[in-house]
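Sharing a structure here in C-alpha cells format.
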Amino acid sequence: MKVYKNLHEVNLDLKRLNLERQIAWEEMKGLKEEVKNNLRPYNWINTVLSSVKKYGVIYLIRKLLR
C-alpha cells in the first residue's frame, strides 16, 4: 500500500489512474469493433472460400498423381 506525503501526490496518482482507465476503455472499444468485423458474414465467406481453394488444389494434385 502506497503512503502519500501530501495531497499533490494523491491528485497525481488519481490523474494517472484515470488516464489508465480511459486508455483501457478505448482499447476495449477497439476490440469490440474488431470482433464485430470478424463476425460479419462476408469474412466467413472469404474464410470458407480460401479453405475450399486450398483443399481443392490438394484434391486435384492427388487426382493427377494417381
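The values are calculated or read from the model by the stated rules, or taken from the named source; none is laboratory data. Everything quoted here is computed from the prediction, not taken from an experiment. With ideal geometry, Cβ positions are generated from the backbone for all residues, glycine too; neighbour counts draw on all protein chains shown. The protein model used for the area step is the full one, side chains on, heavy atoms only, and it has no ligands, DNA or RNA in it. Shrake-Rupley method; radii C 1.70, N 1.55, O 1.52, S 1.80 Å.
Every residue, every condition in (1) out of contact with any helix residue (DSSP H, G or I) (no Cβ under 7 Å at 6 or more places or on another chain); (2) among the polar types (S, T, N, Q), yes or no:
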position: Tyr4; (1), (2): no, no
position: Lys15; (1), (2): yes, no
position: Asn18; (1), (2): yes, yes
position: Ala24; (1), (2): yes, no
position: Tyr42; (1), (2): yes, no
position: Gly56; (1), (2): yes, no
position: Arg66; (1), (2): yes, no
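For segment 13-66, give me each residue that is basic (Lys, Arg) and farther than 30 Å from Val3 by Cα.
Answer for segment 13-66, where residues must be basic (Lys, Arg) and farther than 30 Å from Val3 by Cα: Lys29, Lys32, Lys36, Arg40, Lys53, Lys54, Arg62, Lys63, Arg66.
In addition: Specify which of the listed residues (Leu64, Leu7) is exposed (fewer than 10 other Cβ atoms within 10 Å of the Cβ) and at pLDDT 95 or above.
Numbers: Leu64 fails: at pLDDT 95 or above.
One residue alone meets the criteria, Leu7.
Which one of these is without any contact (Cβ under 8 Å) to a residue 40 or more places away in the chain and open to solvent by 100 Å² or more (accessible area, probe 1.4 Å): Glu33, Glu26, Glu20? Explain how you work it out, then say what you get.
Working: Glu33 fails: open to solvent by 100 Å² or more (accessible area, probe 1.4 Å); Glu20 fails: open to solvent by 100 Å² or more (accessible area, probe 1.4 Å).
Criteria check complete, one pass: Glu26.
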